[in-house]
Amino acid sequence: MLNTIKKLLLQFVSDIDAGNSNLTDEEALQLLNTLKAIHEPRISKYQACQLLGVSRATFDNLVREGRLPRGTKQQGFKELSWKKSEIMEYVKRAKE
């Protein structure tokens, strides 16, 4: 599967370099956003709790209160996950 993705991305790069990507601006933006989302590290609730030094119940309360974002379900995974950057942003705000 990863080899297929690699081939497709290399073809996109080759087409862009040749000046004929055949992507509209909207399609290019959508592709960029998708690639960014794939690349951004995600962590489980367990990992987030360890990072924050809180229990699962406290973590759930922080989410319920809106102080932390709700997790999202990623295709192929059973549990919710969070962007590590969002958790780190909360840590930064809490220190201030």
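Based on this model, can you work out whether LEU23 counts as modelled with pLDDT under 80, surrounded by 14 or more Cβ atoms within 10 Å (Cβ to Cβ) and either of a type in the set (Lys, Arg) or in a loop (DSSP other than H, G, I, E, B) (or both)? Give the steps one after another, and end with the answer.
Numbers: modelled with pLDDT under 80: yes; surrounded by 14 or more Cβ atoms within 10 Å (Cβ to Cβ): yes; either of a type in the set (Lys, Arg) or in a loop (DSSP other than H, G, I, E, B) (or both): yes.
Judged against the criteria, LEU23 is a match.
Quick test of your reading of the structure: GLU40 fulfils all but one of (1) charged (D, E, K, R); (2) open to solvent by 100 Å² or more (accessible area, probe 1.4 Å); (3) within 18 Å of the chain's Cα centre (by Cα). Name the failing condition by number.
Every condition holds for GLU40 apart from (2).
Looking only at segment 45-79, how many residues end up being assigned to a helix (DSSP H, G or I) and among the aromatic types (Phe, Trp, Tyr)?
Residues of segment 45-79 that are assigned to a helix (DSSP H, G or I), as a first pass: 45-52, 56-64.
From what's left, among the aromatic types (Phe, Trp, Tyr): 46, 59.
So the count comes out to 2.
May I ask you to list pairs of residues, at least six apart or on different chains, whose Cβ atoms are under 8 Å apart, with the first in segment 12-41 being under 24 Å from LYS83 (Cα atoms) and the second being among the small types (Gly, Ala, Ser) and part of a loop (DSSP other than H, G, I, E, B)?
Listed by first residue and then by second, the contacts come to ALA28/SER21.
Scan segment 73-88 and tell me whether some residue there is of a type in the set (Lys, Arg) and in contact (Cβ under 8 Å) with a residue 12 or more places away in the chain.
Filtering segment 73-88 down to residues of a type in the set (Lys, Arg) leaves 73, 78, 83-84.
Going one step further and asking which of them are in contact (Cβ under 8 Å) with a residue 12 or more places away in the chain, we end up with 83-84.
The answer is yes; a qualifying residue exists.
Restricting segment 43-82 to residues that are open to solvent by less than 40 Å² (accessible area, probe 1.4 Å) and β-branched (Val, Ile, Thr), which is nearest to ALA94 (Cα to Cα)?
Going through the qualifying residues, I end up with VAL63.
The values are calculated or read from the model by the stated rules, or taken from the named source; none is laboratory data. Keep in mind the model is a prediction, meaning the values are calculated, not measured. Glycine also receives a Cβ, built like all others from the backbone with ideal geometry; neighbour counts cover every protein chain displayed. When the accessible area is computed, the model is the full protein with side chains, heavy atoms only, and any ligands, DNA or RNA have been set aside. Shrake-Rupley method; radii C 1.70, N 1.55, O 1.52, S 1.80 Å.
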